[in-house]
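Worksheet: one structure, shown below.
What follows draws every value from the coordinates through simple rules; no lab data is involved. Every value quoted in this text rests on a predicted model; they were computed, and no experiment measured them.
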Amino acid sequence: MANPTIFVMLWSLMVSIPNSNARKEGAANEELAWFQNICTTTGKEKVVKLHFFLQDVQAGINETVFEVARASISENSPSNFGLVRVLDDLVTAGPEKDSEKLGRAQGTIAYIDLETSALGMNLNIVFTAGPYNGSTLCILGRNPITVDKRELPVVGGTGIFRMARGYVIGNTYAYDPYTEYGVLEYNAYVSYFDDSSIRTLQGDQ
Ligand SMILES: *[C@@H]1O[C@H](CO)[C@@H](O)[C@H](O)[C@H]1NC(C)=O
Ligand SMILES: *[C@@H]1O[C@H](CO)[C@@H](O)[C@H](O)[C@H]1NC(C)=O
């Protein structure tokens with residue numbers, strides 16, 4: 001006689017494999033339906049302006065920006081060409097470092113201009129509080145840091161900001177050369193699809 005344990009195991013395998021496949025297929029179909037719907041239905045894009053600050057600590061005990069590498073030219077370059085840094089800055093609602101915490105700004109920056117100081121940015125705003133908690137915004141592009149108001153593209157995001165687009169205007173709100181503490185102000189103009197089915201999908205995982 002067959003071992004009842006093995007029988008139960010085999011039975012549950014036979015049942016559960018098609019089930020989980022069906023579930024995966026169902027989720028994939030739901031993703032596709034959402035995507036098709038979002039791409040073909042007009043008038044669902046929402047526009048929002050986000051205003052936040054990055055606490056950019058380049059030295060000291062609470063440093064959040066670290067050097068990763070430099071090129072042979074970096075030392076003698078007037079524009080730090082080839083220098084690469086990684087950062088994980090606190091994002092706040094106001095300019096003060098103890099103001100309401102909204103999340104983190106995580107990414108890599110590289111000095112990419114041989115003549116003037118300009119950064120190639122890969123910056124991810126990771127919201128951990130407020131109405132966008134759990135969502136991220138992806139900022140990518142060239143940042144001419146000597147310019148007063150810098151424009152950078154918003155190229156996408158996740159969660160609420162899935163398929164977001166737009167731009168940010170960044171400027172240096174404050175910088176203390178002694179402590180190397182910078183406060184960067186960002187105004188982000190973002191359009192995204194505010195569809196509750198996005199959240200249903202996330203809750204479904
Ligand atoms: C570092 O962070 C801690 C905790 O937020 C704070 O108490 C301290 O004053 C900070 N130190 C400096 C030098 O900013
Ligand atoms: C942000 O979302 C996480 C996950 O849902 C939750 O645990 C946390 O309490 C939220 N934080 C705030 C400040 O709302």
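Worth pointing out:
- Descending Cα extents along the principal axes, region 47-204, whole Å: 53, 31, 28
- Working from Cα pairs under 8 Å separated by at least six residues, relative contact order for region 126-178 is 29 percent.
- Karplus-derived 3J(HN,Hα) values for region 98-112, using 6.51 cos²θ - 1.76 cosθ + 1.60 with θ = phi - 60°, are 9, 6, 3, 7, 10, x, 10, 10, 10, x, 10, 10, 9, 7, 10 Hz; glycine and proline are entered as x.
- Whole-Hz ³J(HN,Hα) from phi, Karplus 6.51 cos²θ - 1.76 cosθ + 1.60, for region 138-146, glycine and proline x: 9, 10, 9, x, 8, 10, x, 5, 7
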